[in-house]
Structures are given as C-alpha cells and as structure tokens.
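Please treat every number below as a calculation from the coordinates, not as lab data. Just so you know, these numbers come straight off a predicted model, no measurement behind them. Glycine gets a Cβ as well: all are built from the backbone with ideal geometry, and neighbour counts include every protein chain shown.
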Amino acid sequence: MFAEVDKDACIGCGACPEVCPEVFRMEDDDKAIAYKNPVPSEFLESAKEAAEGCPTEAIHFQE
Ligand code: SF4
C-alpha cells in the first residue's frame, strides 16, 4: 500500500506527522509528504488514522 499527500489539498496543519511520524513528515514548504513507501504493514493502521484525521482529506492510498 502506497500513501500519497495531495500537496494542493494539504493546508500544512501538521496533524498527520503527529499521528503517524513513521510515514509522514512536514517539508520545508510546510506541506506534508509520505516519505516511507510502500507503507510498512506495521504502520498502515496509524497511517490510515492520520488520513482519516486530515481536515482536507489530502491523504490517499493506492495498492
Ligand atoms: S493532516 Fe492533511 S492538511 Fe494536515 S499536514 Fe497532513 S496532509 Fe496536510
């Protein structure tokens, strides 16, 4: 499973790296990226939790 942040949708709230720092981090442009792909299975649940908590639904998953 691959995680992707839609940078146009991300408002840089910083929530996803707080929920799942193993997969998401903030970049210099104050937008989040998914830096660990494919998402290791042990972090998939928290990555999905981060996606559910994203206020702009900017995080998507693909097989
Ligand atoms: S939770 Fe959503 S809006 Fe907030 S930093 Fe992450 S991707 Fe961006």
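Structure notes:
- Residues in segment 1-42 that a label on E63 would reach, taking backbone N under 11 Å of a point 7 Å out along Cα→Cβ: 1
- When only the Cβ of Lys, Arg, Asp and Glu is charged (+1, +1, -1, -1), the dipole of the chain relative to its Cα centre reaches about 80 debye.
- Relative to the longest principal axis of the Cα atoms of the chain, the long axis of helix 41-53 lies at roughly 30 degrees.
- Every helix of 4 or more DSSP H residues in the chain counts as -39500 (n - 2.57), and over all residues that averages to -8000 deg cm²/dmol at 222 nm.
- Put simply, the amide H of G12, placed in the peptide plane, has neighbours under 5 Å in A32, leaving out anything fewer than 5 places away on its chain.
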